[in-house]
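*Asks:* The structure under discussion is supplied below as C-alpha cells; questions concerning it will follow.
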Amino acid sequence: MINVFGRSLRAPSNLTRLILLTVLSAALMILDHRGHHLEKIRASLNVLAYPILLVAEAPAYVGRSLGDFFTTRAALRADNEKLLAERQALLARQLQFDALQEENNRLRRMLGSAEQVADKALAAELIEVSSEPFTRKIVVAKGSQDGVYVGQPVIDAHGIMGQVTQVSSDFSRVTLITDAGHAIPVLDNRSGLRTIVFGTGDPDVLKVPYLTASADIKEGDLLVSSGMGGTFPPGYPVAHVSKIVNDPNESFLAIGARPAAQLNHGKQVLLIWRGNPPKARGYRK
C-alpha cells in the first residue's frame, strides 16, 4: 500500500510493472530509432563510463604486459644463446677454413717449386714425428704402392727437407737434413765453394765442417745442393750460413747454418722424382 495525500493506493502488481516497463522500453526504442534522441545521452554516458572501463581493465592489461615482458625476455635470452652458439660454430668453421686455405697455399708453393727441379712430384701427409733425441725423422703416408723408393728426395717450397730412408707399402720414413747422421753435398751460391752440410740433431742447426780460414764463405751465404751423388736435384736451397767462428787454436772454422726448408711447419711434404728412379727397396715394419 502507498499513501498519497492521505489516501491509500495499492501498489501495482509485478505483472503490471512488467507490462508497463515493456511498453515504455518499446516506446523509447521506437523513438530512438526514428529520431535518434538518445544519441547524445548515450555518448555522454560512454564518456562518463570510459574511466571506469579503464580502471576495470587495468589488472588484465598489467597482467598481459607482465606476461609479454617475461615471455619476450625468455625468448630474447633463448635467441641470444642460439646466436652465441651459431657464432661459435661459425668462428670454428672460419678457423678451419683459414687453416685449410693456408695449407692449400703452402701446397701450391711446393708444387710450383717442384716443377723447377723434378719431373714428377707427389704430396704426402705427415703422420708421425720421431721423439728420439738427436734423431730427426718423420713418417709420411705414402709408400711403395705409390712408387716411393729409398733415397728419394723430400722437399718443401723453401728447400730440401731430407730423403726417404725406409719404405713400406703404405708409408715411408724420411730422415731430415738436421738428423745427426745425415750429410748433403752443397755449393756456396755466391762463391761456388763446394762443401758438405751435416746435421747436428738440433732441429734448427746444421754444421759445415772441414773448412779453413781461407775458404770463401760468409755469413748469410745461401748453400744449395750440388747434385753430386745423384740423390738431390742441383741448385735447390739447403741452408743459410748463420755463424762463422774463426778460432786461432783450431784448424778449421766452426760454421753454423740454418735449414732453408721449414722443417717444423706444415702437415705435408713433397716427394719428387728426377728421371728414372732406382728400383724400389722396401721394408716391412
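*Asks:* Using alpha carbon coordinates only, what is the Rg to Rh ratio of region 118-273, with Rh defined as the Kirkwood radius?
*Replies:* Looking at region 118-273, the ratio lands at 1.00.
*Asks:* Roughly what would the spin-label model give for R64 and L18, points 7 Å off Cα along C-beta, in nm?
*Replies:* About 4.0 nm separates the two model spin labels.
*Asks:* For a 20 Å ceiling on Cα separation, which of these pairs sit above it: K142/K207; K137/K267; K142/K267; K137/K207; K137/K218? Could you put the intermediate results ahead of the total?
*Replies:* On the way: K142/K207 30 Å; K137/K267 14 Å; K142/K267 13 Å; K137/K207 18 Å; K137/K218 30 Å.
Those over the limit are K142/K207; K137/K218.
*Asks:* Percent relative contact order of region 118-273, based on C-alpha pairs within less than 8 angstrom and at least six residues apart?
*Replies:* Details: 424 pairs, mean separation 39.8, N = 156.
Rounded, it is 26 percent for region 118-273.
*Asks:* Something else now. Taking the Cα centre of region 118-273 as origin and charging only Cβ (+1 Lys, Arg; -1 Asp, Glu), how large is the dipole, in debye to the nearest 20?
*Replies:* Value, rounded to 20: 140 debye.
*Asks:* Something else: Report, in whole Å, the centroid distance computed from the Cα atoms of region 234-264 and region 139-205.
*Replies:* Measuring centre to centre over Cα atoms gives 17 Å.
*Asks:* Okay, next question. Based on other C-beta atoms within 10 Å, arrange S242, S65, S144 from fewest to most. Spell out each step's value before the answer.
*Replies:* Values: S242 15, S65 10, S144 18.
Taking fewest neighbouring Cβ atoms as first place, the list is S65, S242, S144.
*Asks:* What ranking do K82, K207, K142, K243 get, fewest neighbouring Cβ atoms within 10 angstrom at the top?
*Replies:* Working: K82 10, K207 18, K142 21, K243 13.
In increasing order of surrounding Cβ atoms, one gets K82, K243, K207, K142.
*Asks:* Set the Förster distance to 41 Å, then compute FRET efficiency between T72 and M29 from the Cβ-Cβ distance, nearest 0.05.
*Replies:* 0.30
Bear in mind these aren't lab numbers, they're just calculated from the coordinates by the rules spelled out. Given the structure is predicted, the values throughout are model-derived calculations rather than measurements. We place every Cβ from the backbone using ideal geometry, glycine too, and count neighbours over all the protein chains shown.
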